[in-house]
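Chemist: Dumping the structure here so I can ask a few things about it.
The values are calculated or read from the model by the stated rules, or taken from the named source; none is laboratory data. Owing to the predicted nature of the structure, the values given are computational and were not obtained by experimental measurement. Here the Cβ positions follow ideal geometry from the backbone for every residue, glycine too, while neighbour counts run over all protein chains shown.
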Amino acid sequence: MPEAAVIDARTREIDEQRQRALRALLARPLMTADERAFSLVRAHADYLRTWFARECGWVLRVERGHARLAKRPADVDDATRGAPEFNRNRYILLCLALAVLEREDVQITLARLGERLMVEALDPQLAARGFVFALDRQTERRDLVAVCRLLLALGIITRVAGDEAAYINQSGDALYDIHRPMLAAVLAGDRGPSALAETQAEDASLEAWLAALTADTPAEGEDGRRTALRHRLSRRLLDDPLLYLDDLNADEREYFLNQRGPMGRRLAEAIGLTAEHRAEGSALVDTRGELTDVSLPQQGTDPHATLLLAEFLAERLRAGHTGPVPEAEILAFMRDAARAHRKYWRKAAQESGAERVLAAAALERLEALRLIRRADQTIEPQPAICRFRLGEARVTKQTDLLSDL
């Protein structure tokens, strides 16, 4: 093989490895050494650190046993992100559990963690905000187990023995190892919450805390201002399903309209995405479906109902009906859809009031994909929803749509 061909092949191999490492870190910013891509992240750590710092202003730390990409969210007010099935109480428990684990030894049982959390829950500030936690109800034990399973998924703890399900039923316990390096890497900010002046004020709001935790170093000079603009826009392109021009302020909009072509191309080529630009905004599309938190279409009743609703809303826009859609109209559509697809949807979809459950799941998915906005019991379809148009359905097996029974 000619020397030039060998060099080209090696260059392509390195580029492919770096792309895989970038994608892996975007999908899992807190990565353990057990992850398949971790060896690539360590091998290309210098390149990855430089790339994330240049393109997004994000800090990447690569240690012997883990890697942490300290992503700064583009929008801290986005309520569609987060751990699946987590509510306010579970997030509070998660924060308290991290604090408890920090003060524990190398191991902890699920029962001990629960007992320590009950003590932490007595904090006057938590009580003043209506937070109560005890373990005398199964729902509270389920909340604790949900937190533990998230910690397990993040690699912060490892199960040594026992079973969480047995703990819920009060018939057993579980023992965990605590991984302190992973625990220390959870927070992505430059400073801990206790070091922020905003967290010391008694009247500080949650919004003030979030802004302080995620704030970047103030930009200095014109070059610094442009770099900060580019970083904010790159984060939105990488983090959000869609970036609408209407969501940008005047400076961001002007910069993005001038730079979105080369910016989108540069990000897409490095990560293996496809840049799409329209009059309303832009998106970086992952045709492999690996970097999306919410996929559409999928099998099952809820995804099918979501796709039907997306087409219904898209047809309204195509017909020129640009105004908000009342939620009552969405519910009526879902009732009709449940009747039309009763042979394939789960049986519970035919029960009284099931349209509310179906509509809630569908709207949550569409909102997460930036295909709708919700306000005052109305739904406002967004331009990108017009990408959805259903063809003729072809059911090869009756279980195709009944996979969630």
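Chemist: Given the criterion of a type in the set (A, V, I, L, M, F, W, C), loosely packed, with under 12 Cβ neighbours inside 10 Å and at pLDDT 95 or above, identify the matching residue among Ala161, Ala128, Ala97.
Modeler: Checking each option against the conditions leaves just Ala161.
Chemist: For the list (1) at pLDDT below 95; (2) assigned to a helix (DSSP H, G or I); (3) among the polar types (S, T, N, Q), I need the number of the one condition that Thr50 fails.
Modeler: (1)
Chemist: Now, a different point. Would you confirm whether or not region 282-295 contains a residue that is in a helix (DSSP H, G or I) and touching a residue at least 24 places away in the same chain (Cβ under 8 Å)?
Modeler: Checked region 282-295: no residue is in a helix (DSSP H, G or I) and touching a residue at least 24 places away in the same chain (Cβ under 8 Å).
Chemist: Same structure, new question: Going by what's in this entry, would Ala328 be described as surrounded by 14 or more Cβ atoms within 10 Å (Cβ to Cβ) and at negative phi?
Modeler: Spelling it out, it is not the case that Ala328 is surrounded by 14 or more Cβ atoms within 10 Å (Cβ to Cβ) and at negative phi.
Chemist: May I pose another question? Please state which of the following conditions Ser39 fails to meet, knowing it meets all the rest: (1) modelled with pLDDT under 95; (2) part of a helix (DSSP H, G or I); (3) under 23 Å from Val62 (Cα atoms).
Modeler: (1)
Chemist: Considering only residues of region 209-226 that are touching a Lys or Arg at 6+ places or on another chain (Cβ under 9 Å) and surrounded by 14 or more Cβ atoms within 10 Å (Cβ to Cβ), which is farthest from Ala79 (Cα to Cα)?
Modeler: Only one residue fits best here, namely Ala219.
Chemist: Tally the residues that are touching a helix residue (DSSP H, G or I) at 6+ places or on another chain (Cβ under 8 Å), in a loop (DSSP other than H, G, I, E, B) and surrounded by 14 or more Cβ atoms within 10 Å (Cβ to Cβ), restricting the search to region 299-315. Spell out how you get there, then give the answer.
Modeler: From region 299-315, those touching a helix residue (DSSP H, G or I) at 6+ places or on another chain (Cβ under 8 Å) are 299, 301-303, 305-306, 308-310, 312-314; that's our starting set.
Next, from what is left, pick out any that are in a loop (DSSP other than H, G, I, E, B): 299.
Next, from what is left, pick out any that are surrounded by 14 or more Cβ atoms within 10 Å (Cβ to Cβ): none.
So the count comes out to 0.
Chemist: Moving to a separate point now. Among the residues of region 319-330, is there at least one that is within 30 Å of Pro84 (Cα to Cα) and touching a residue at least 60 places away in the same chain (Cβ under 8 Å)?
Modeler: There is no residue in region 319-330 that is within 30 Å of Pro84 (Cα to Cα) and touching a residue at least 60 places away in the same chain (Cβ under 8 Å).
Chemist: Would you please name the residue that is nearest to Leu331 (Cα to Cα), looking only at residues in region 278-297 that are surrounded by 15 or more Cβ atoms within 10 Å (Cβ to Cβ) and modelled with pLDDT under 90?
Modeler: Ranking the candidates gives Leu296 first.
Chemist: When residues of region 249-277 are filtered for being surrounded by 14 or more Cβ atoms within 10 Å (Cβ to Cβ) and among the charged types (D, E, K, R), how many remain?
Modeler: Summing the residues that are surrounded by 14 or more Cβ atoms within 10 Å (Cβ to Cβ) and among the charged types (D, E, K, R) in region 249-277 gives 5.
Chemist: Would you pick out the residues in region 102-154 that are touching a residue at least 24 places away in the same chain (Cβ under 8 Å), part of a loop (DSSP other than H, G, I, E, B) and not charged (D, E, K, R)?
Modeler: Val106, Ala121, Phe131, Phe133
Chemist: Same structure, new question: Give the residue, chosen from Thr80, Thr32, that is touching a residue at least 24 places away in the same chain (Cβ under 8 Å), surrounded by 15 or more Cβ atoms within 10 Å (Cβ to Cβ), within 20 Å of Ala188 (Cα to Cα) and within 16 Å of the chain's Cα centre (by Cα).
Modeler: Thr80
Chemist: Select, from Arg23, Arg68, Arg72, the only residue that is basic (Lys, Arg), surrounded by 16 or more Cβ atoms within 10 Å (Cβ to Cβ), in contact (Cβ under 8 Å) with a residue 60 or more places away in the chain and in contact with a strand residue (DSSP E or B) (Cβ under 8 Å, 6 or more places away or on another chain).
Modeler: Arg68
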